[in-house]
Amino acid sequence: MKIGIIGTGYIGGTLIKKLNQAGHDVRISDARGIHLIPENLKDSGIQVVEVTEVFSDVDVAILSVPLVVLPKLVEAVKVASRECVLIDTSNYYPSRDQKIDAIEDGKVESIWVKELLGREVVKAWNAMGSDSLARLGTAPGTPGRLAIPVAGDNSEHKRVAMQLVDDIGFDPVDSGTLAESWRHQPGSPAYCTDLTEKELEDALGTAVKSRLPARRDIAVEAITERFGGDGTNPDAAYLVRLNRALFS
Ligand SMILES: NC(=O)c1ccc[n+]([C@@H]2O[C@H](COP(=O)([O-])OP(=O)(O)OC[C@H]3O[C@@H](n4cnc5c(N)ncnc54)[C@H](OP(=O)(O)O)[C@@H]3O)[C@@H](O)[C@H]2O)c1
């Protein structure tokens, strides 16, 4: 498939490499300018294009930036065709993003994104840490294969996103509509806990929405204390241990 990606950080950079390795035709950009794209992402046929062009003539458009950056990308998204599958990896962290009243008041993060962008959105790759995503993918059918939740309101768009999750080494789990996608927002038992398909389905079912913000903020505090708060991502072992302990 032809896939455009904005965001070349921990998650976007990992998706770029893995989707390219899986044989997809990947083109990438950076919201602040292509001069900021890391050199190691410019090989193996990956095209680097301006942000205004990256979603032109693609089957799938992926946004992988902090949620607070999304309002700057409304025009870039308008370039995508109506048929294009738009996937967003973002999560809301008020300590990193500015506070967004609607989300603070309980609006589901991806509903806020859908309304902002004015089109269908699939939520995927938001609930696995970057270290796990980069290292722990396996072939279909491998015992203990890890799973990733995918939510959306358009069943065909969700099917495409689930296929891409499978292509890069993980069992896709249909987590329902966007309205249900809070079940894998930060602070939920499904968030960055590295679960298999059955475990993930159980975790999605046991989430309690009112408990998410406090658990999310405790996790941020622990990671900041341990890693210094400079944005360095924790390794998979630490992140999964921390989150599983919070949700036990
Ligand atoms: N890290 C994880 O383990 C993880 C897991 C699941 C989901 N997520 C979510 O996925 C999204 C991306 O996360 P990430 O960890 O990959 O982030 P990241 O490493 O910080 O990368 C973010 C990307 O967004 C761009 N960006 C950052 N601040 C910007 C600004 N003010 N204006 C324009 N562009 C800006 C960066 O571009 P520059 O090159 O210009 O800095 C970079 O390409 C976030 O919403 C995050 O919550 C992260």
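The values are calculated or read from the model by the stated rules, or taken from the named source; none is laboratory data. On a predicted model such as this, the values are computed, not experimentally measured, just so you know. Methodologically, a virtual Cβ is constructed for each residue, glycine included, from the backbone with ideal geometry; neighbour enumeration extends over all protein chains shown.
Val26 is checked against (1) loosely packed, with under 13 Cβ neighbours inside 10 Å; (2) without any contact (Cβ under 8 Å) to a residue 24 or more places away in the chain and fails just one. What number does that condition carry?
(1)
So, in the stretch 157-179, how many residues would count as being touching a residue at least 60 places away in the same chain (Cβ under 8 Å) and farther than 22 Å from Arg215 by Cβ?
Residues meeting the conditions: 7.
Search the stretch 91-106 for residues that are within 19 Å of Leu63 (Cβ to Cβ) and pair each with any residue that is at pLDDT 95 or above and aromatic (Phe, Trp, Tyr) when their beta-carbon atoms are under 6 Å apart and the residues are at least 6 apart or on different chains.
Listed by first residue and then by second, the contacts come to Ala102/Trp112; Ile103/Tyr92; Ile103/Trp112.
Inside the stretch 220-248, can you point out the residues that are under 20 Å from Asp202 (Cβ atoms) and of a type in the set (Gly, Ala, Ser)?
Residues satisfying the conditions are Ala245, Ser248.
Identify all residues within the stretch 98-111 that are over 23 Å from Gly231 (Cβ atoms) and surrounded by fewer than 21 Cβ atoms within 10 Å (Cβ to Cβ); write none if there are none.
Once the filter is applied, which keeps residues that are over 23 Å from Gly231 (Cβ atoms) and surrounded by fewer than 21 Cβ atoms within 10 Å (Cβ to Cβ), the stretch 98-111 yields Asp101, Ala102, Asp105, Gly106, Lys107, Ile111.
Anything in the stretch 130-140 that is within 10 Å of the ligand (Cβ to nearest atom) and under 19 Å from Asp174 (Cα atoms)? List them, or say none.
Selection gives Leu133 alone.
Could you check Trp182 against (1) within 21 Å of Trp112 (Cα to Cα); (2) within 14 Å of the ligand (Cβ to nearest atom); (3) in contact (Cβ under 8 Å) with a residue 60 or more places away in the chain and say which number it fails?
In the conditions (1) within 21 Å of Trp112 (Cα to Cα); (2) within 14 Å of the ligand (Cβ to nearest atom); (3) in contact (Cβ under 8 Å) with a residue 60 or more places away in the chain, Trp182 misses (2) alone.
Looking at the stretch 218-242, which of its residues are under 17 Å from Thr193 (Cβ atoms) and touching a Pro at 6+ places or on another chain (Cβ under 8 Å)?
Step one: list which residues in the stretch 218-242 are under 17 Å from Thr193 (Cβ atoms), which gives 218-220, 222-223, 233-242.
Ala219, Ile223, Leu242 - these are the residues of the stretch 218-242 that are under 17 Å from Thr193 (Cβ atoms) and touching a Pro at 6+ places or on another chain (Cβ under 8 Å).
State whether the residues of the stretch 88-98 include one that is in contact with a Cys (Cβ under 6 Å, 6 or more places away or on another chain) and either at pLDDT below 95 or under 19 Å from Asp166 (Cα atoms) (or both).
Within the stretch 88-98, not a single residue is in contact with a Cys (Cβ under 6 Å, 6 or more places away or on another chain) and either at pLDDT below 95 or under 19 Å from Asp166 (Cα atoms) (or both).
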